[in-house]
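So the structure is just underneath, and the comments pick up after that.
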């Protein structure tokens, strides 16, 4: 890292590498899906090769236009979004965005979504053979085919999606919703179905009204609330899942803005973290969080980032 110790001697190098199932990451800080675009959008601000991974915006098998505008609005300590998973489709992304990401030295995690189990299977098949480290399966989508609510609120349905996502031939991470009291149950089900890790959390359901009209400010009505204020919800979800399923790797997400908020999720049980909404306010955020986390670890005398995983469950540091 090129840092120097208190008396000018070179500081000891901190080992930032972490292991998520079969995937080794060079650092425990990634971008969060939906907040860093599909390609090199953040490259002018962050050395993508330094991050643990770039998790790209969720992709479906076919292009999808998303929701009508307005789709984003500020909310207390964060924002609400109802973008609606706009994307170019897996094949277009493979041809036009992935090569540039790999050329930049980024470790890439693809994210997929669907409106039915068959949609997820199609997106997974389209990714087979892709030069990516893992596929994050975004389960926080409504099941429009079976009308059974949000995928991630149904343990059996979530497990079914993770099973069909094996068609990608890639390590599978399941991104779960915090909008249910069944998070631990769903995490156990997707792990049993083959997920090597779970990502906790996605956005919380929310709504903002326009003071001028008195109507919902987003065209879609409600949206997903994210940002600093949701961080305690993420910490609790990570803590509870790690307490019940200590062998299941967790990727923490939700309100990560600095080294401490990243470390807090790792202490609760996350192996790595993702930076999302903070990148809208500062596109350098993911790199800044990584640097800040490294400095925090050094101050604590921790020379391996993996040493702090789950420490809150064993007496703290």
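Just so it is clear, none of the values below were taken in a lab; they were calculated from the coordinates. Values in this document were obtained by computation on a predicted structure and should not be read as measured data. Here Cβ is always computed from backbone atoms with ideal geometry, including for glycine, and neighbour counts include all displayed protein chains.
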- Task: Please say if the range 178-285 is rounded, prolate or oblate, where rounded means a/c under 1.5 for a ≥ b ≥ c the square roots of the C-alpha gyration tensor eigenvalues, and otherwise the choice is prolate for a/b larger than b/c and oblate otherwise?
- Result: oblate
- Message: If you restrict to DSSP beta bridges whose two residues both lie in the range 31-115, what percentage is antiparallel, to the nearest 5?
- Response: 60 percent
- Report, to the nearest 10°, how far helix 117-127 tilts away from the longest principal axis of the Cα atoms in the chain, using its own Cα long axis and a range of 0 to 90°. 50 degrees
- Query: Against the longest principal axis of the chain, how steep is helix 231-244, in degrees 0 to 90 to the nearest 10, with axes from Cα atoms?
  - Reply: 80 degrees
- If you average 1/r over every pair of different alpha-carbon atoms in the range 41-151 and take one over that average, what Kirkwood value in Å do you get? 15.2 Å
- Once you have a ≥ b ≥ c as the square roots of the Cα gyration tensor eigenvalues for the range 75-120, tell me rounded if a/c is under 1.5, and otherwise prolate or oblate according to whether a/b is larger than b/c. oblate
- Among beta bridges assigned by DSSP with both residues in the range 1-143, the antiparallel ones amount in percent, to the nearest 5, to 55 percent
- Message: With 10 angstrom as the radius, rank 120, 239 by how many other C-beta atoms surround their C-beta, starting from the fewest.
- Response: 239, 120
- Could you please rank 79, 303, placing first whichever residue has the fewest other Cβ atoms within 10 Å of its Cβ? 303, 79
- Item | Three-way shape call for the range 227-281 based on the alpha-carbon gyration tensor, with the a/c threshold at 1.5 | prolate
- So the angle from the long Cα axis of helix 259-268 to the longest Cα principal axis of the chain, reported in degrees to the nearest 10, equals 80 degrees
- Query: If you take every DSSP beta bridge whose two residues both sit in the chain, what share of them, in percent to the nearest 5, is antiparallel?
  - Reply: 45 percent
- Query: Efficiency by 1/(1 + (r/R0)^6): what FRET value for residue 13 and residue 73, r their Cβ-Cβ distance, R0 = 41 Å, to the nearest 0.05?
  - Reply: 0.40
